[in-house]
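In what follows, a structure is listed as C-alpha cells, so that the remarks can point back to it.
The values are calculated or read from the model by the stated rules, or taken from the named source; none is laboratory data. Everything numeric in this text was worked out from a predicted model, so none of it was measured. Because the Cβ atoms are built from the backbone with ideal geometry, glycine has one as well, and the counts that use them run over all protein chains shown.
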Amino acid sequence: MQSAMRRVIPYTLPWDDAPVDISFVFEGEKPAGRHGFLQARDGGFVFEDGTAARFWGTNFNSAACFPKHSYSETVARRLAKFGVNIVRFHQMDAEWSTPNIFQFTKGRRLDNTQSLDPASLDRLDYLIHCLKREGIYVYLDLLTYRVFKTGDNVDEVEKLGQEARPYSNFDPRLIELQKMFATQLWTHVNPYTNLAYKDDPVIVLSEITNENELLTSSFRANMIEPYRGRLQERYAAWAARNGVPAGKDQVNFAADTPEVIAFIVDVQKSFYSEMIRHLRQLGVRIPITGTNWALGGIPLLAAQMATDYTDSHTYWYDWNWKVTEKKFNNRSMLGERDPWFQGLSMCRVLHKPFFVSEWDDPWPNEFRAESSLLLAAAASFQGWSGAAIHTYRYDCREGVDMIGAPITSDAIGGVPYRGGVFDAFNDPAKFGLFYHAALMLRRGDVREPGSATEIAVPALVQNGKVVYSSDIKALAGAAETCKTGIRLPGEPARAATQAPMDASLLPQPDAKELRSDTGELRRDLARRYATIDTPRTKAAYGFLADAGEIVLRGLKIKARTDYAAIAISSLTDADTAHSNNLLLTAIGRADNSGSEYNADHTIQFNVGHGPVEAEVIEADLELDTDVEHLRIWAINPAGFPSGPVQVTRAEGKAKFSIGGAFPSLYYLIQQV
C-alpha cells in the first residue's frame, strides 16, 4: 500500500450488491420507457410526456454487453441501487471481444461481418430487458471497433483498421455495410420485451460512429488508395458546385485551408444525414448523434449540427504507456484551472442537448475520488443532459474483490490499459461516490443558471489552422463559473450575453478560485479542494486537512485526513436541515492490498490483490437539523450497520465525528 495511506480498512464493493440502496428515490421511474420515447427539445432531453430527462450512467464494454442471464438480473438491480439510470453499450462489434455481436466464441473463422450472432443477441436482449425493469435506459452504439473481413467485399481490407476510419465516413461500400448492420440491429425483435429495438423506448440515444471522423488531422493524412482517390473525385465535384478552383494537383487533405475544411465538413454532414435518414426510414425515433470527441475541433462541432445532439469524451490520464512499463498520471486535477472541461465545453451549443458518453480518472491515480463529484456537479450546473463513466467492466466475472483485475493478461486487443485499469464497478474511490453524483445530476441538486453566455467563434479556421478548444480562451475555467455554449460562424445568437473567444469569462483571469455564479460551487486552485453547497447535497473534496474548517450553509467539516471526499445528500425531497434520511460518504485513497509503485506512484510494479483497502477518513462534522431523534450508523460493504456514531445535539445542530471506533465509507443518518 502507498506509504501516504495511514489507517486503512478492507472495503471491497460487492460485485452483486451495494452497501446502500437509493433506488427507492427513483422508484417512480420504473420501468424505463414509461414516459415514452426520448426527444431533443430546446437544448435538452425530454420524454414524450414532457418529463425532463437527465442521465447518470456507465459504459458496458465489449464482453460486458453479453452476460449470462443471471448476471444481467443481478447487475441491473445493483446499478439501480447506486442511482445509475443509463448504460451505454460500447465495443459490441469489437473483433477482440469474446463474445461480440458477430461471434459468440473464438476459434471458428468468420469471413464477413454481415450477420449477428444469435447467442450474443439473446444475451444482449435479456440484459436490455433487465435494465428496463429497473428503470435503466440504453445508449446504443453502432460502429465502434468493427474490423471488416474479406467476405465484406471492401477494398484493401487488410489495411483497414478498426472502424475502417476515416474511410467509413465517406466510402459508399463501407456506408452500405453500416446501414446493413443498423437495419439488422434496429429491426431485431427482443423476445423478452416483444419489441423491436426501434420500437422500445428503453433505448434513448445512439451514435453513428465512435471517435471516428475526417476532421482530425491525423486521419486526413496518409490516406490509402483507392479511398483517397474517391475523396479527390468528390472534392472536384464539390469545388465545381461551389466555385472553388480545384486545380490539377492532388488535394492536400491534411491542410487546414478554409476550402479543405469546408469540404470535409460538408462530407461529414452528408454522412451523418445519410445515416440518420436511413435510421428514420427504419422507424428509429430517438435522438441520434454523429460522433463523440473534441479532436476535430470547431469544424467537427459544425458538422455535428446535422445531428440531434452533441457528445464528447474526457479523460484525466497519461496515455504514454509502454507495454513493458505502466506509467500513470498520479496528480489531482483540483489545482488545474481547467483539467478536462474546456474540451467538453467546446462541443456544446445551447440549442442542442449535450451528453458525455465517456469520462474517467482511472485507477491507480490516488486522487481519483474527486472526479465523480466534480463532473456531476459541473454537468448539473451547465445543464448538460448526462454522463457515463468509461467503464463499468470489460467482462462479467463474478466475485472479483480487487480494483482493476486484469482479464487473463494486462492487454486486450493489443492495448495494455484495457485489462482492468478502467474497470470501475467496485472502485470505492470513484464508483463509491455514484450515489451523490446520481442524485445531483438526476434531481438537479446543483442549480442551473437562469442565463447563459454564448462564445462566438468567427471562423472554423483562423491564422491558417483549425480552431480547437485550447484556442478558445473564454472556455478556461468557465464550466464551473457560468453556463456557456459555443456560437458557430453564421449561427444566430441564442443567449443575451455574447462573448469573444479570446477573452476570459472569469472576473479575474488569474484568480486562484473558481466560483459558480449561483454560489453553489467553489474550487480553490491554490489549496486544491472544492465544495458543493446546495439544499439537498453538500460536499467538500480534495486536500481537506490543509483547508482547515470548511463552512457550508448548514454544514461544517473539519477533516484530519489529508485527502478526502466527504459528501452528504438528503434521500428525501427535504433539504439536509429537514430530512430524516441522509447518506454520508467519506472516501479518499483506495487500492488493492499489496499493490506496489515507485516513489511518486507513477509506475506500477505489482497490481496487488483483494481485498480493496480504503484509507479511513477522520473528520468532525456539524450539521444543522431540526429533526429529532437522529441516529448515525456506519455501514459495512455487505450493507450491515457495523456500529453507531455518537451524536451530540444542541441548538438545532448535530455534532459528530467519523473514522473513530467504527470507520466506514458510508454512514446513514436517519430518524429513529
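Odds and ends about this structure:
- Top-ranked residue in the range 499-518 [being acidic (Asp, Glu) and assigned to a loop (DSSP other than H, G, I, E, B); ranked as farthest from Ala476 (Cα to Cα)]: Asp517
- Candidate set: the range 2-40, residues that are assigned to a loop (DSSP other than H, G, I, E, B) and of a type in the set (A, V, I, L, M); chosen: the one nearest to Ser570 (Cα to Cα): Ile22
- Of the residues making up the range 320-353, those that are surrounded by 22 or more Cβ atoms within 10 Å (Cβ to Cβ), more than 26 Å from Gly542 (Cα to Cα) and modelled with pLDDT under 95 number 0.
- Annotation: of all residues in the range 41-64 being among the hydrophobic types (A, V, I, L, M, F, W, C) and either assigned to a strand (DSSP E or B) or in contact with a helix residue (DSSP H, G or I) (Cβ under 6 Å, 6 or more places away or on another chain) (or both), the one that is surrounded by the most Cβ atoms within 10 Å (Cβ to Cβ) is Phe60.
- Counting only strands (runs of 3 or more DSSP E) that fall entirely inside the range 572-641 and contain at least 2 residues that are of a type in the set (Gly, Ala, Ser) and either touching a residue at least 40 places away in the same chain (Cβ under 8 Å) or in the same structural domain as Phe82 (by TED's automatic domain parsing) (or both), the qualifying elements are 590-593, 609-615.
- Hits in the range 540-566 (condition: part of a strand (DSSP E or B) and closer than 15 Å to Arg523 by Cα): Ala540, Tyr541, Gly542, Ile550, Val551, Leu552, Ala564, Ala565, Ile566
- Residue that is surrounded by the fewest Cβ atoms within 10 Å (Cβ to Cβ), among those in the range 81-112 that are in contact (Cβ under 8 Å) with a residue 60 or more places away in the chain and outside any loop (DSSP other than H, G, I, E, B): Lys81
- Some residue of the range 299-319 being more than 25 Å from the chain's Cα centre (by Cα) and either buried (at least 19 other Cβ atoms within 10 Å of the Cβ) or outside any helix (DSSP H, G or I) (or both): no
- Only one of the listed residues (Ala479, Ala429, Ala438, Ala459) is surrounded by 19 or more Cβ atoms within 10 Å (Cβ to Cβ) and either assigned to a strand (DSSP E or B) or out of contact with any Gly (no Cβ under 8 Å at 6 or more places or on another chain) (or both). That residue is Ala479.
- On inspection, Leu127 qualifies as hydrophobic (A, V, I, L, M, F, W, C), over 20 Å from the mean Cα position of the chain (by Cα) and crowded, with 22+ Cβ neighbours inside 10 Å.
- Within the range 159-262, helices (runs of 4 or more DSSP H) holding 2 or more residues that are without any contact (Cβ under 8 Å) to a residue 24 or more places away in the chain, surrounded by fewer than 19 Cβ atoms within 10 Å (Cβ to Cβ) and of a type in the set (S, T, N, Q): 227-242
- Where Arg418 falls short, out of the listed (1) within 27 Å of Thr585 (Cα to Cα); (2) more than 13 Å from the chain's Cα centre (by Cα); (3) among the basic types (Lys, Arg): (1)
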